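A.B. asks: Quick one: structure below, then a few questions.
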Amino acid sequence: MAVYTQVSAEALGDFLTRFDVGELVSFKGIAEGVENSNYLVETTRDRFILTLYEKRVAAADLPFFMALLDHLAERGQPVPPAIADREGREIHELCGRPACLIRFLPGVSLSEPTAEQARAAGTAMGKMHAALTDFDLARENTMGVEHWQPLFDKCGKSLNEISQGLYDDLGFQLDEVLSAWPAETQMPRSVIHADLFPDNVLMLGDDVTGLIDFYFACTDFRAYDIAVMHSAWSFDNEGRRFDREIGNALLDGYQKIVPFEAAERAALVDLARGACIRFLLSRAWDWLNTPADAMVTRKDPMAYWRRLETYDAMDGLFA
Ligand SMILES: Nc1ncnc2c1ncn2[C@@H]1O[C@H](COP(=O)(O)OP(=O)(O)O)[C@@H](O)[C@H]1O
Ligand SMILES: N[C@@H](CCOP(=O)(O)O)C(=O)O
C-alpha cells in the first residue's frame with residue numbers, strides 16, 4: 001500500500017482551484033508503488049495523478065525531476081510531466097508534503113512480459129536516451145557505485161539475519177564488482193532512469209504507453225540503465241528463472257536505437273552484477289529496517305542474490 005499521507009476531499013478540492021483543470025469529481029489512493037503517496041484524481045475535465053513526495057524523495061531534487069520530465073515530454077517521449085498551475089508552478093505543497101499534479105497516462109504494468117513487450121520496452125529506453133543527449137542538468141546517483149560499500153557496511157553482519165553467510169558472500173561479490181567497475185571515462189554517461197522495472201513501464205498490448213517513476217533518475221553510465229532493466233525484466237520475481245529470450249529482446253530493441261559501443265557491450269555483465277548489488281543492498285536495508293507490520297510490503301533481497309549468481313556464471317549478456 002503506498003498511501004502514507006491521507007488527503008481529504010476538501011484539501012484536494014481547494015488544491016485543484018490553483019490549476020485550470022476543472023473541478024474534483026472523485027479520487028482514490030493507488031495501492032501500487034512504495035516510495036510516495038499516489039492518488040488517481042478525476043475532475044470535470046480529465047484524469048490526473050496526484051503525487052505527494054515522501055521521505056525518500058528530497059524536495060531539493062524535484063526541480064531536476066520535473067525539468068527532466070518536461071524535456072522528455074517536449075521531445076514526444078511517453079512520460080508524464082507535471083501540470084503547471086495558473087502561475088506556471090509545477091511543484092506545490094499539500095498536507096505538509098511536496099506535491100505535484102501529474103498527467104495521467106493510459107496502460108498497465110505487466111508482471112510477466114513477453115519477448116515482444118520486452119523488445120518494445122528496450123526500444124523505449126533507447127528513444128529516451130536519444131532524447132536526453134541535449135539535456136544539460138545532472139544529478140548524482142545517490143544509489144550509485146560509490147554508495148554500495150558504505151551501505152554494505154551499514155547493513156553489516158545483520159545481513160546474515162536475511163540469509164546465513166550473506167555478509168561474507170556479498171562482501172566477496174562487492175569486492176569483485178568494484179574492482180571490475182569501468183572508469184568514468186571508459187563509456188558514455190548520461191542522465192538515466194535507473195529503475196526501469198516492469199512496474200515502471202505502462203503498456204497496451206505490445207506498445208509502450210508510459211515510462212513512469214523517474215525519482216531515481218541520475219547521471220551515470222548510459223549502459224548501466226539497460227543493465228538495471230535487464231536484471232529486472234529477464235528473471236521471474238524471485239530471481240530463480242532466467243529468460244534469455246526476454247533479455248536478448250530487450251537489448252536488441254535498445255541497440256536498434258542506441259547501438260552499443262564496444263566498451264559498453266564488454267562491460268554489460270559487470271554492470272548487471274552491479275545492478276544486482278545495488279538492489280540487493282537497498283532491499284536488504286529496507287528488510288532490516290522496516291517493521292514487519294508496516295503498510296508497505298518488503299521486497300525480497302535474495303531475489304537479487306540469485307540474479308547475481310546467474311550473472312556471475314555468464315561471460316556476457318549477449319548469447
Ligand atoms: N502518470 C501516471 N499515469 C498513470 N498511472 C500512474 C502514473 N504515475 C503513477 N501511476 C500509477 O501509480 C502507481 C505507483 O506509481 P509509482 O511512481 O511507481 O510510485 P512509487 O514512486 O511510490 O513507487 C503505478 O504503478 C501506476 O499504477
Ligand atoms: N524497483 C526497486 C524499488 C523501487 O520501487 P519503485 O516502486 O519506486 O519502482 C526494487 O524492486 O527493489
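Computed from the coordinates by the stated procedures, all read-outs in this text should not be read as laboratory data. The structure presented is a predicted model; accordingly, all values stated were derived computationally and were not measured. So basically every Cβ, Gly included, is an ideal-geometry build from the backbone, and we count neighbours across all protein chains shown.
A.B. asks: Running a GNM on the chain with Cα contacts under 10 Å, which residue among 276, 218, 155 ends up with the highest mean-square fluctuation?
C.D. replies: 155
A.B. asks: In addition: Given 0.36 nm per residue, what is the gain on full extension from residue 109 to residue 86 after removing their alpha carbon distance, in nm?
C.D. replies: Result: 5.1 nm gained on full extension.
A.B. asks: Using unit Cβ charges (K, R positive; D, E negative) and no other charged atoms, how large, in debye to the nearest 20, is the dipole of segment 151-262 about its Cα centre?
C.D. replies: Roughly 140 debye for segment 151-262.
A.B. asks: Thinking of segment 100-229 as a set of Cα atoms, what percent of all their pairs are more than 27 Å apart?
C.D. replies: Result: 35 percent of Cα pairs exceed 27 Å.
A.B. asks: Kirkwood hydrodynamic radius for the chain: how many Å is it when counted over pairs of different Cα atoms?
C.D. replies: Hydrodynamic radius (Kirkwood, Cα pairs) of the chain is 20.5 Å.
A.B. asks: Which residue, chosen from 69, 22, 100, occupies the Cα position most advanced towards the positive end of the dipole of segment 9-103, where the dipole is computed from +1 (Lys, Arg) and -1 (Asp, Glu) charges on Cβ about the Cα centre?
C.D. replies: Checked the options; the winner is 69.
A.B. asks: Something else now. Pick out which of 278, 86, 75 has the largest mean-square fluctuation in a Gaussian network model of the chain, springs linking Cα atoms closer than 10 Å.
C.D. replies: 86
A.B. asks: Ordered by residue, what ³J(HN,Hα) values in Hz, to whole numbers, does segment 7-14 give under the Karplus form 6.51 cos²θ - 1.76 cosθ + 1.60, where θ = phi - 60° and Gly and Pro are x?
C.D. replies: 10, 8, 4, 5, 5, 5, x, 5
A.B. asks: Another question, then. For segment 9-103, state the semi-axes of the equivalent ellipsoid (square roots of 5 times the eigenvalues of the alpha-carbon gyration tensor), sorted largest first and rounded to whole angstrom.
C.D. replies: Over the Cα atoms of segment 9-103, the ellipsoid semi-axes are 19, 16, 13 Å.
A.B. asks: Additional query: I need to check one value: relative contact order of the chain, counting alpha carbon pairs closer than 8 Å and at least 6 residues apart, in percent.
C.D. replies: About 18 percent, as a whole number.
A.B. asks: Would you work out which of 132, 185, 165 lies farthest towards the positive end of the dipole of the chain? Charges go on Cβ: Lys and Arg +1, Asp and Glu -1.
C.D. replies: Going by the charge dipole, the pick is 132.
A.B. asks: Hey, can you rank 226-232, 87-93 by average C-beta count inside 10 Å, highest first?
C.D. replies: Put in order of decreasing packing, that is 226-232, 87-93.
A.B. asks: Separate question: Please pull out the direction-averaged projected area of segment 226-319, using the convex hull of its alpha-carbon atoms, in nm² to one decimal place.
C.D. replies: Averaged projected area of segment 226-319's Cα convex hull equals 6.5 nm².
A.B. asks: Taking the mean number of other Cβ atoms within 10 Å as a proxy for protection, how do you rank 10-20, 95-105 from highest to lowest?
C.D. replies: 95-105, 10-20
A.B. asks: Quick one: if the Förster radius is 25 Å, what FRET efficiency do residue 266 and residue 237 give, using the C-beta to C-beta distance and rounding to 0.05?
C.D. replies: 0.25
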